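Following this message is one structure expressed as structure tokens.
None of the figures in this text is laboratory data; all of them are computed from the coordinates on show. None of the values given here were measured: they were computed from a predicted structure. Cβ atoms come from the backbone with ideal geometry, glycine included; neighbour counts cover every protein chain shown.
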Amino acid sequence: MPYVVTDNCIKCKFTDCVEVCPVDCFYEGENMLVIHPDECIDCGVCEPECPAEAIKPDTEPGLEKWLKLNAEYAEKWPNITVRKDAPADAAEFDGVANKLETHFSAAPGEGD
Ligand code: SF4
Ligand code: F3S
């Protein structure tokens with residue numbers, strides 16, 4: 001039962017989450033992070049750290065597509081363990097609906 005990163009991370013990518021994860025299981029894409037579901041120990045400490053409230057336990061209903069996306073891209077993107085500055089326009093994208101359809105990028109981020 002891992003935690004998953006969901007839609008509101010896209011284009012916000014505040015990265016506060018990576019600093020608190022005890023097992024360093026966040027992976028960085030160009031526009032968002034994901035959690036590796038096989039590495040997450042379900043501790044829950046990252047959830048309240050996200051200013052965009054984008055991290056959810058996968059016990060919440062309707063998160064199947066996000067669990068699949070987190071699992072897929074955690075295998076493709078580089079690991080990130082250190083916080084970095086959010087995009088300059090992050091605040092403008094906080095709360096925008098359906099960013100997966102309009103702003104998701106499969107390109108990898110830089111990682112640490
Ligand atoms: Fe890391 Fe815990 Fe968040 Fe899982 S729930 S991603 S182990 S901080
Ligand atoms: Fe994304 Fe929130 Fe982390 S916006 S990068 S899940 S702090």
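Which one of Pro22, Tyr73, Pro61 has its Cα pushed farthest toward the positive end of the charge dipole of the range 3-90, where Lys and Arg give +1 and Asp and Glu give -1 at the Cβ?
Positive-most Cα among the choices belongs to Tyr73.
Non-local amide H neighbours of Thr81 (under 5 Å, H modeled in plane, Pro and chain starts lacking H): which ones?
Counting only residues 5 or more places away or on other chains, the set is Asp112.
Using 0.36 nm per residue of separation minus the Cα-Cα distance, give me the extension gain between Ala107 and Ile41 in nm, one decimal.
Length gained between Ala107 and Ile41: 21.1 nm.
If you look at just the Cα atoms of the range 3-90, how large are its Rg and its Dmax in Å?
Radius of gyration, then largest Cα-Cα span, for the range 3-90: 11.4, 33 Å.
Going by amide H atoms built from the backbone, whose H comes under 5 Å of the H on Gly29, apart from near neighbours?
Under 5 Å from the amide H of Gly29 lie the amide H atoms of Val34, Gly109, each far enough along the sequence or on another chain.
If the rule is a partner Cβ under 4.7 Å, which cysteines in the chain fail it?
Within the chain, the cysteines lacking a partner Cβ under 4.7 Å are Cys9, Cys12, Cys21, Cys25, Cys40, Cys43, Cys50.
With +1 on each Lys and Arg Cβ and -1 on each Asp and Glu Cβ, and nothing else charged, work out how big the dipole of the chain is about its Cα centre, in Debye to the nearest 20.
Dipole of the chain, to the nearest 20 debye: 200 debye.
Another question about this same structure. Using a cut-off of 24 Å between alpha-carbon atoms, which lysines can reach Lys65, once sequence neighbours fewer than 8 places away in the same chain are excluded?
Lys11, Lys13, Lys56, Lys76, Lys99
Tally Lys and Arg at +1 and Asp and Glu at -1 over the other residues with C-beta under 12 Å from the C-beta of Lys13: what net charge comes out?
-3
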